[in-house]
Every structure is written in structure tokens, then in C-alpha cells.
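Peer 1: Take a look at this one; I'll ask things after.
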Amino acid sequence: MIIFWIAGSFLSGSLMFSYWLGLLRKKNIKTVGDGNPGALNLWKSSGYKFGVVGILLDFLKGYLPVLFIMGSSYNHGYLIVPLAIAPVAGHAFSPFLKGKGGKAIAVTFGIWSALTGFEVSLAYAVILALMAGVSRMIYKNKPKSTEADGLQVVVGMLLLSVYLYIRMFSAAILLIWLGNFAILVYKHRVEIGKSWKKGYDKGV
């Protein structure tokens, strides 16, 4: 049964709603912006209404399966770890797009909202908002690069571990964070590499 639920959670995460909504609009969002088949590029290509729907659907495909699991007998111990990570992995490595899925940000908010009653997802949102504010002060009127956005997502998740530690969440929750963090690092590896190179070239 545990394998069945992991597979179901993975399948839920792998449903590429934003990409399919783009196709309904006769737009391939993989050719927009950074080529990510996610809700942000759906927003850019088809407007905010479609973008909001894409974000909501990507959120729910992480939130609903984990919420269901939290109400089952699998919400104790380490069994929750693969069950919670599965939707994020499904989105990031969707078989519907030959393993080249999205960057798993909205679905990340979904699983943490279900796991912690929105507490940790809200904390992550606050961290990202504070980082975005600092970034605006640094860049001022200069356009911000996608590399900076990707780096903020990863660094924000890294900082979230401090919050989890301070709040004394269980070891299972910390393992979920580690799996989630590893996926985000992998999916944003290009942006991280470019940001690192820019910093190195500037002597930072």
C-alpha cells in the first residue's frame, strides 16, 4: 500500500497543468522565458488569469495528496517522508514531459501547507518576500535576472531549515526538507551556476 500511495502522490505531482493550459491557448510555454513548463511562464504567455489558475493547480497537486495522507495512518514516523517528497519529484521529473518537468515551487508550497497547516509555507513565503525586498534595494532600477530569482528560491529554502530547527520539527520533517531542498537545487542548478560565475568574475 505504501508503494501505491507513493506512486499516486508522484503521479499527482507529475500532472503538468500549466503546460497543458498553455497548449489550450496554442502556446508552448517551454519556449517562453527560461523554458520552464510552469505557472510563471504560463502567466507570461497567456496572462494573469491563466497564470493564477496554473499556480493554484500546481499548488493543489502537492497539497491534496499530502493532506489526504496526513489524515491517514501513514502520517506518523518516517513513512511520511517519501509520500511528501513524491509530488515535488513528480513535478520536477514529470514522465509526461520525458522527465523534464518544472521547478517545483508551487508544489513545494502545497506539500508544506498540508504538512504543517500552512505554517512552514507561510514562513517560506515571508523569507522569499524579505529576500525580494533586499534584492529590489540592490538592483534598484536595474532589471533583475532569472539567475537571481532562482538563487533566491534555493537560498530561501536553505534559510527555512533554520526555522524548522528553531521550531523543533521532527526528524521526518527535516528529511522531507532535505529531499525538497535537493530537488530545488537540482532544478535551479543552471541559475546557481551562473550566479556563482558572475560573483567569481566580479571577485565576490
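Any read-out appearing in this document is the output of simple, stated calculations on the displayed coordinates, not a laboratory observation. Computed from a predicted model, the values in this text were never measured in an experiment. Using ideal geometry, Cβ is built from the backbone for each residue, glycine included, and neighbour counts are taken over all protein chains shown.
Peer 1: Per residue of the chain, what 222 nm ellipticity follows from adding -39500 (n - 2.57) for every DSSP H run with n ≥ 4, rounded to the nearest 500? Mind showing how you got there, number by number?
Peer 2: Working: 10 runs with 149 residues, N = 204.
Result for the chain: -24000 deg cm²/dmol, rounded to the nearest 500.
Peer 1: Bin width 10 Å, alpha-carbon pairs only: give the P(r) of the chain as whole percents, running from 0 to the bin holding the largest distance.
Peer 2: Taking every Cα pair in the chain, the percentages come to 9, 34, 36, 18, 3, 0.
Peer 1: What's the ranking of 96-109, 177-190 by average number of surrounding C-beta atoms within 10 Å, highest first?
Peer 2: 96-109, 177-190
Peer 1: Using packing as a proxy for protection, rank 3-9, 58-64 so that the peptide with the highest average count of other Cβ atoms within 10 Å comes first.
Peer 2: So the order, starting with the most tightly packed, is 58-64, 3-9.
Peer 1: Something else now. With charges set only on the Cβ (+1 for Lys and Arg, -1 for Asp and Glu), what does the dipole of region 1-107 come to about its Cα centre, in debye to the nearest 20?
Peer 2: 500 debye
Peer 1: Report, in debye and to the nearest 20, how large the dipole of the chain comes out about its Cα centre when Lys and Arg carry +1 and Asp and Glu carry -1 on their Cβ.
Peer 2: 860 debye
Peer 1: List the relative contact order of the chain as a percent without decimals, with contacts defined as Cα pairs under 8 Å and 6+ residues apart.
Peer 2: Relative contact order of the chain: 21 percent.
Peer 1: For S12, what is the net charge nearby, where nearby means another residue's Cβ is under 12 Å from its Cβ and Lys, Arg count +1, Asp, Glu -1? Spell out each step's value before the answer.
Peer 2: Numbers: positive: K61; negative: D58.
My count for the surroundings of S12 gives 0.
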